[in-house]
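This report concerns only the one structure given below.
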Amino acid sequence: MATAAQIANDMAAHAAYWAKRDLNIERACRDAARVIRAFLAGDRVDGRTYWGVDLRLSNLADRKPDWGVQGYPDFDRARICMQRLKAEAGH
């Protein structure tokens with residue numbers, strides 16, 4: 001099982017990959033990595049930021065193409081990681 005830091009790094013790598021391909025995916029990956037890293041650093045993440053990223057990740061996970069896009073990010077894994085870190089932080 002991947003650590004939260006590994007998931008943040010994975011999302012950052014996906015953001016770089018998707019930067020010229022799909023800006024919505026790139027932004028969601030970049031923001032997920034930023035929120036995960038903020039929780040790991042012990043920073044407070046405001047509710048609007050957290051829930052906005054959570055909603056975008058959920059929507060993109062639901063939109064996953066059936067035909068199997070190579071390199072499509074695992075948005076559910078990032079969202080579950082964010083939820084776990086939020087619970088651990090007591091927010």
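The values are calculated or read from the model by the stated rules, or taken from the named source; none is laboratory data. All values reported here derive from a predicted model rather than from experimental measurement. Ideal geometry is used to build each Cβ from the backbone, glycine not excepted, and the neighbour counts take in all protein chains shown. Areas reflect the complete protein model, heavy atoms only, side chains present, ligands, DNA and RNA absent. Shrake-Rupley method; radii C 1.70, N 1.55, O 1.52, S 1.80 Å.
Identify, please: which residue in the range 1-37 is among the small types (Gly, Ala, Ser) and open to solvent by 20 Å² or more (accessible area, probe 1.4 Å) and is, among those, nearest to the chain's Cα centre (by Cα)?
Residue satisfying both the conditions and the ranking: Ala12.
What pairs can you find where one residue is in the range 2-15 and farther than 16 Å from Ala28 by Cα, the other is assigned to a helix (DSSP H, G or I), and their Cβ atoms are less than 7 Å apart, with a gap of 6+ or different chains?
Ala4/Ile36; Ala4/Leu40; Ala4/Cys81; Ala4/Leu85; Ala5/Leu40
Ile80 - would you say it is buried (at least 16 other Cβ atoms within 10 Å of the Cβ) and not basic (Lys, Arg)?
no
Answer with yes or no whether Val45 is open to solvent by less than 80 Å² (accessible area, probe 1.4 Å) and over 18 Å from His14 (Cβ atoms).
Criteria met by Val45.
Go over the candidates Leu40, Leu85, Leu55 one by one and state the one that is in contact with a Leu (Cβ under 8 Å, 6 or more places away or on another chain), at pLDDT 95 or above and open to solvent by 70 Å² or more (accessible area, probe 1.4 Å).
After applying the criteria, what remains is Leu40.
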